[in-house]
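Here is the structure we will look at, set down as structure tokens.
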Amino acid sequence: MIDIQQISKKYKGADNFSLSNLDLSIAEKEIFGLLGPNGAGKTTLISILCSLIKPTSGNFSIAGLTYQKNKNQLKQIIGIVPQEYALYPSLTAFENLKYFGSMYGLKGKILEDKINTALEHLGLLAFAHKKIDTFSGGMKRRINLIASVLHNPKILFLDEPTVGVDVQSKNVIIEFLQELNKQGTTIIYTSHHLNEAETFCTRVAIIDHGKLVVTGKPETLIAQHSGAHNLEDVFIDITGKALRDHA
Ligand SMILES: Nc1ncnc2c1ncn2[C@@H]1O[C@H](COP(=O)(O)OP(=O)(O)OP(=O)(O)O)[C@@H](O)[C@H]1O
């Protein structure tokens, strides 16, 4: 479904490559975790796959479509949940979602029913007509998620969808994503929550310094690393204990 070949990225003015010669294939209906320390290149890779930025070299295709030839078709089959909230604070949740749905050509009762169903699933129906600037971080994350799935994308990219949310919101988000996956949506997500990734993902890739270090099922990676009891042990074993501060 997603085929990445030799992708490299060097940002304008940067000294180093943020991604180098990355090869990766992701199959339909996987829940795939992109893991790695701060600055590893996870957001860069997701941004390239969502056609938000261009790779410096290399190619990728999604369901046989490429950004060079099929940008508009690609836009229709993918959903993007960015790290930052992409919501209008002075509009209500419902108004925001109507706006995002209309960007994909959805309208009328069909759109309103979709919004109400998703708000109900994510525990937000009672807040539909409240302004976003009154919402907590966890509520905004859930609205952000709804905004990205109204057009029933085949593939959903999420950049740290559970960062800064409480356990209750996190569980509701993960259950919602599992349900989408059961209905056929392929999910690619980045996270620093390794416990969450261990149980949520069918397969993970660990990226470090812009390079793909390892891919596999969480249980296989744990079994392959002697002394590892969980994915965090594997992660530390592979990426080391040094801090990754940069400016
Ligand atoms: N617009 C940019 N211009 C220059 N360098 C950038 C830009 N965006 C990211 N980088 C650099 O590219 C590298 C990879 O960054 P990226 O944000 O993809 O990492 P990440 O794995 O998502 O990190 P985090 O876990 O902190 O979100 C880092 O060294 C970062 O400083």
Study note, to complete from the structure: Given a Förster distance of 41 Å, the FRET efficiency implied by the Cβ-Cβ spacing of THR117 and ASP3, rounded to the nearest 0.05, works out to 0.80
Study note, to complete from the structure: HN-Hα couplings for the stretch 57-65 via Karplus (6.51, -1.76, 1.60; θ = phi - 60°), in whole Hz with x for Gly/Pro, come out as 8, x, 9, 8, 9, 10, 6, x, 9
**Study point:** 3J(HN,Hα) from dihedral phi, the stretch 172-184, Karplus parametrisation 6.51/-1.76/1.60, rounded to Hz, x for glycine, proline
**Key:** 5, 5, 5, 5, 4, 5, 4, 5, 4, 5, 4, 7, x
Check your understanding: Amide H neighbours of SER18 under 5 Å, counting only residues 5+ apart in sequence or on other chains, H built in-plane at 1.01 Å?
Key -> LYS9, LYS10, TYR11
Point to revise | Peptides 205-216, 84-95 ordered by average Cβ neighbours within 10 Å, highest first | key: 205-216, 84-95
Revision key, fill the gap. Residue-ordered couplings for the stretch 199-212, obtained by feeding phi - 60° into the Karplus form 6.51 cos²θ - 1.76 cosθ + 1.60 and rounding to whole Hz (Gly and Pro as x), are 8, 7, 8, 7, 8, 10, 10, 9, 10, 8, 6, x, 10, 7
Review point. Rounded to the nearest 500 deg cm²/dmol, what is the calculated helix-only ellipticity per residue at 222 nm for the chain, with -39500 (n - 2.57) per DSSP H run of length n ≥ 4?
Key: -11000 deg cm²/dmol
Check your understanding: Between VAL214 and LEU52, what FRET efficiency follows from the Cβ-Cβ distance if R0 is 35 Å, with the result rounded to 0.05?
Key -> 0.85
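Any read-out appearing in this document is the output of simple, stated calculations on the displayed coordinates, not a laboratory observation. Nothing here was measured: the structure is a model prediction, and the numbers come from that model. Cβ coordinates were reconstructed from backbone atoms using ideal geometry, including for glycine residues, and neighbour counts include every protein chain displayed.
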